[in-house]
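Working notes for the structure below.
FYI, it's all coordinate maths here, none of it is from the lab. Given the structure is predicted, the values throughout are model-derived calculations rather than measurements. Cβ placement follows ideal geometry from the backbone for every residue including glycine, while neighbour counts extend to all protein chains displayed.
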Ligand SMILES: *[C@@H]1O[C@H](CO)[C@@H](O)[C@H](O)[C@H]1NC(C)=O
């Protein structure tokens with residue numbers, strides 16, 4: 001008995017230390033403080049939770065739990081005070097009607113953030129079906145701008161893993177001015193006949209890694225703009 005405890009105790013202490021070292025402050029969008037509820041619009045709740053998580057001086061974790069949540073879109077702005085994890089376990093759903101988005105060319109963007117992790121197994125659902133039907137940009141030079149699902153603008157030392165981008169209205173993911181960003185176990189899906197739904201478009205970025213990623217979409221899977229290494 002005494003011998004057993006002696007053996008087990010160091011392991012326990014090690015595990016305890018390991019878990020405190022990784023401790024993150026959790027900001028759950030469905031907590032009483034933010035009041036997000038499944039099947040309702042969490043635009044305000046999520047934006048507020050981001051502001052708090054981003055201001056946290058210790059590593060933070062923003063959680064959208066399992067369930068379906070409506071989200072009009074926003075820019076998640078940095079710089080943040082510490083590493084920040086956006087854990088999407090559920091489904092975030094864009095309005096099907098692009099006119100409802102605050103920014104017509106973007107649903108969700110992450111802007112000027114260092115050490116961002118987006119993960120959690122959840123889905124960014126762009127609900128693009130109506131937009132594909134209305135897209136006339138192949139014949140109309142002044143066509144309406146159509147929203148990209150996710151923009152990463154000036155994001156550095158970051159990891160996007162284990163998430164899905166589904167049925168974007170325009171491109172799925174646009175990477176601009178980023179450095180050292182890894183995409184891993186990402187799933188990108190839109191129907192074959194959806195218009196201009198490029199998978200990951202990379203411009204003016206350095207050190208972007210894409211691996212174990214499945215892309216099935218209506219346009220290019222990965223496209224490269226100018227100025228990348
Ligand atoms: C690149 O980013 C990862 C996080 O995804 C980080 O662990 C690593 O240290 C970064 N590499 C450099 C050279 O900064």
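Some values worked out for this structure:
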quantity: Over the stretch 114-215: Kirkwood hydrodynamic radius from C-alpha pairwise inverse distances, Å; calculated: 14.0
quantity: Rg over Rh [alpha-carbon atoms, Kirkwood Rh] for the stretch 187-229; calculated: 1.01
quantity: Percentage of interatomic Cα-Cα distances in the stretch 36-143 larger than 25 Å; calculated: 26
quantity: Diffusion constant of the chain at 37 °C, which comes from Stokes-Einstein with the Kirkwood Cα-pair radius and 0.692 mPa s, µm²/s; calculated: 177
quantity: For peptides 219-226, 184-191, sequence by mean Cβ density within 10 Å, most packed first; calculated: 184-191, 219-226
quantity: Packing-based ranking, highest mean first, of 41-50, 135-144 given that Cβ atoms within 10 Å are counted; calculated: 41-50, 135-144
